[in-house]
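Here's the structure, in structure tokens; my notes come after.
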Amino acid sequence: MRNKIVAGNWKMNLLLAEAIDLGRKIKEAASEIEGVQVLLFPSSIYLKSLAEIAIPVGAQNFYPAENGAFTGEISISQLKDCGATHVLIGHSERRAIFGEQADFLKQKVDSAIAHKITPVFCCGEPLEIREAGTELVYVKRQLEESLFHILPENMQNCIVAYEPVWAIGTGKTATVAQAEEMHRSIRNWITEKYTETIAQNCSIIYGGSCNVSNAQELFSSPNVDGGLIGGASLQAESFIKIAQSF
């Protein structure tokens, strides 16, 4: 039975006291929600402080080398030492702003698995791909190039996050039907590459401007197992309401 997951990506927001206060509020409220895994992705410098609150935390980014002369970077083992249990890989902002390409993301996936950190692999198409009607080909290629090389036992422990990049901050809105179509396709591709059992055990969450007003309808879709929440995760009340939408 795959997990229902609500993950908060705080991006480059909050100071330490704010992060700790928000983390405590979310932990207290989340303890009353049964059957939903709540994850937080704070800035890496706050990981240890959030982990000490005893709430599951993940890292937004890392460099796929064990150590070395990589000034300013953070290794997966350093993140694990600070309490991280998950890591985002392939987020649309890392791809678009920082130019992370398929082979580099593949290295990140391998590094996370080697250190027993759960990858949250992000995939999704920009506007020009959606308008061209080639979004299924595009997203499948992202998965094939950077994720589908891993062993079956590792795949069933991964989380896939679908981000319709064209619907984030553009004023355009992805319908529930569009989200479900992509999530169903991703699950079918996992079945084709691995097995139906692995596909049914793999959580696929939605990262396209999920909020209080649309979460319940999205989460009622058969193949949407939760959300990767951006702005709405910076307020405890809205984030918890989203988690309660199941």
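Observations
- Test: residue in segment 225-236 that is closer than 20 Å to Ile113 by Cβ and surrounded by fewer than 16 Cβ atoms within 10 Å (Cβ to Cβ): no
Conditions (1) in contact (Cβ under 8 Å) with a residue 40 or more places away in the chain; (2) more than 26 Å from Met155 (Cβ to Cβ), marked per residue:
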position	(1), (2)
Asn61	no, no
Asn67	no, yes
Gly90	yes, no
Glu93	yes, no
Arg130	no, yes
Arg141	no, no
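- Any hit, segment 37-50, residues being closer than 22 Å to Ala161 by Cα, part of a loop (DSSP other than H, G, I, E, B) and at pLDDT 95 or above: yes
- Considering residues of segment 165-207 that are at pLDDT 95 or above and hydroxyl-bearing (Ser, Thr, Tyr) only, the residue nearest to Ala132 (Cα to Cα): Ser185
- The set of residues from segment 38-56 being under 19 Å from Ser238 (Cβ atoms) and either in contact (Cβ under 8 Å) with a residue 40 or more places away in the chain or of a type in the set (Val, Ile, Thr) (or both) comprises Val38, Leu39, Leu40, Phe41, Ile55.
- Across segment 110-126, the number of residues qualifying as closer than 20 Å to Ile205 by Cα and either over 18 Å from the mean Cα position of the chain (by Cα) or of a type in the set (Gly, Ala, Ser) (or both) comes to 2.
- Within segment 95-117, the set of residues being crowded, with 19+ Cβ neighbours inside 10 Å and either touching a residue at least 60 places away in the same chain (Cβ under 8 Å) or of a type in the set (A, V, I, L, M, F, W, C) (or both) comprises Leu105, Val109, Ala112, Ile113, Ile117.
- Qualifying residues in segment 1-26 (those that are assigned to a loop (DSSP other than H, G, I, E, B) and without any contact (Cβ under 8 Å) to a residue 40 or more places away in the chain) - the one surrounded by the most Cβ atoms within 10 Å (Cβ to Cβ): Leu15
- For segment 209-224, the count of residues that are surrounded by 23 or more Cβ atoms within 10 Å (Cβ to Cβ), without any contact (Cβ under 8 Å) to a residue 40 or more places away in the chain and within 15 Å of Tyr162 (Cα to Cα) is at least one.
- Considered as a group, the residues in segment 27-49 that are buried (at least 20 other Cβ atoms within 10 Å of the Cβ) and under 18 Å from the mean Cα position of the chain (by Cα) include one that is farthest from Ile159 (Cα to Cα), and that residue is Leu47.
- If you filter segment 151-171 down to residues that are more than 18 Å from Leu228 (Cβ to Cβ) and touching a helix residue (DSSP H, G or I) at 6+ places or on another chain (Cβ under 6 Å), you find that the one that is surrounded by the fewest Cβ atoms within 10 Å (Cβ to Cβ) is Pro152.
- In segment 93-105, the residues that are in contact with an Asp or Glu (Cβ under 7 Å, 6 or more places away or on another chain) and under 11 Å from Gln142 (Cβ atoms): Ala102
The values are calculated or read from the model by the stated rules, or taken from the named source; none is laboratory data. Remember, predicted model here, so these are calculated numbers, not experimental data. Reconstructed Cβ throughout: ideal geometry from the backbone, glycine too, with neighbour counts over all protein chains shown.
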